[in-house]
Amino acid sequence: MLMVFVLGISLSAAALTGREIMEKADERETGDTQHALMGMDLIDKKGEVSPRTIEVWAKEYGDPADDLNKMVMVFHEPASVKNTRFLQIENKDRDDDQWIYLPALQRVRRISSSQGGDSFMGSDFTYDDMESRKIDDFTYKLLKEEKLTKYECYVVEAIPKDPEEEQYQKTISWISKEHYIPLKVEMYDKDSGKLIKLMTVEEKIEKINGIWTVFSTTMEDLESGHKTQLYIKQNKGNYLLEYNKEISDRRFTQQFLKNGK
C-alpha cells in the first residue's frame, strides 16, 4: 500500500471489464524483493510539515501462485519515533498479520482487527489501508475512461461484497492504461457515503531495473485537510531503491521487531 510498482501490458480496451482492469493492476511486477529509504511527510492544513525517514524491506514468499508478500518498516527519524518497527505478513485465506514495536513500551504489540481504522503512526493511512486486498472480495464496474494529467485512464468502482469487513463504502480508482497503475483513488465513508479520503500519485513514473516505479504518493484526509506524502528519498540525485536483492527471512520476524537484527 505505502509504493505502486506495475509492469505495463498491452491489451484491447474494448476487451476489458472493471474486474479485469483491477486484476491487471493487481498482477503488477514488483520484483522478488524491494528495499527502499523513504520519506514520510505529515502535512497539516496550514502546510506545516513534520518529516520522517523510514527504511522498508519487502519480499515475496510461499507459493508464487498465491502472490503473498511480507514487509517490514523501520522508522529512523525523528528521535520521537526512532526504532519504531512495523511488520506485515499477507495470508492466503485470512486477513494480514500486523505487529508493531514501540520503543517506549519495549514490546511487540499485535494489531487487532478492531484497530484497522486507526491511524498508522499519526499518518493519514490506517492499518487497513496498509493491508492487501483480495480481488474476490469486491465487485467492480468500469464507470468511464478519461485523461488524468498526461495519462489515459480507466475509472473503476469497487464495492465490497461484505461491507462489515471493509472500512469504506466504496472506492473509485483511476488506472493508467499505459502502466495499470492506480494514479488516483477516492475513498467513500462507510456510513454517510461521502468522499472522505483521496490518494494521488505524482506524474513521474519511470523504470528502475526494468520495473515501472512510482516515486511519490499522497494520502489526503478531506475532512481535516491533513495530508501524508510518501516518497523515495534521494542521495546525490540517485533514488535509494533496489529490487531483487537478497533479504534474509530473519528480518520478517517478531524477533527482528524486538531487537532490530
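In order along region 152-165, the Karplus-derived 3J(HN,Hα) couplings, from 6.51 cos²θ - 1.76 cosθ + 1.60 at θ = phi - 60°, round to 6, 9, 8, 10, 10, 8, 10, 10, x, 6, 10, x, 5, 8 Hz, and Gly and Pro are given as x.
Given only helices, namely DSSP H runs of n ≥ 4 each adding -39500 (n - 2.57), what is the per-residue ellipticity at 222 nm of the chain, to the nearest 500 deg cm²/dmol?
One gets -1500 deg cm²/dmol as the mean residue ellipticity at 222 nm.
For region 18-259, what does the relative contact order come out to in percent, with C-alpha contacts under 8 Å and a separation of six or more? Write down the numbers at each step before the final one.
Working: 508 pairs, mean separation 50.6, N = 242.
RCO, region 18-259: 21 percent.
Sites listed here are trypsin sites (Lys or Arg not before Pro) in region 41-72 whose DSSP assignment is loop and whose Cβ has at most 13 other Cβ atoms within 10 Å: 45, 46. May I have the pair-distance distribution P(r) for the chain, computed from all Cα-Cα distances with 5 Å bins from 0 and rounded to whole percent? P(r) for the chain, in whole percents per bin: 1, 6, 12, 17, 20, 19, 14, 8, 3, 1, 0, 0. In this simple spin-label approximation, residue 110 and residue 143 carry label points 7 Å from Cα along the Cα→Cβ vector, and these lie 3.8 nm apart.
Average accessible surface for region 68-116: 51 Å² per residue, computed with a 1.4 Å probe over protein heavy atoms with every protein chain in place. Within the accessible area of region 18-259, the carbon and sulfur atoms contribute 43%, probe 1.4 Å, all protein chains present. Taking a sphere under 9 Å around the Cβ of residue 220 and counting the other residues whose Cβ falls inside, with K and R at +1 and D and E at -1, yields a net charge of 0. As a size descriptor, the averaged projected area of the C-alpha convex hull of region 116-261 was calculated at 11.5 nm².
The values are calculated or read from the model by the stated rules, or taken from the named source; none is laboratory data. Since we're looking at a predicted model, the values are computed, not measured. Here Cβ is always computed from backbone atoms with ideal geometry, including for glycine, and neighbour counts include all displayed protein chains. Remember, those area values only see protein heavy atoms, side chains included, never the ligands or the DNA or RNA. Shrake-Rupley method; radii C 1.70, N 1.55, O 1.52, S 1.80 Å.
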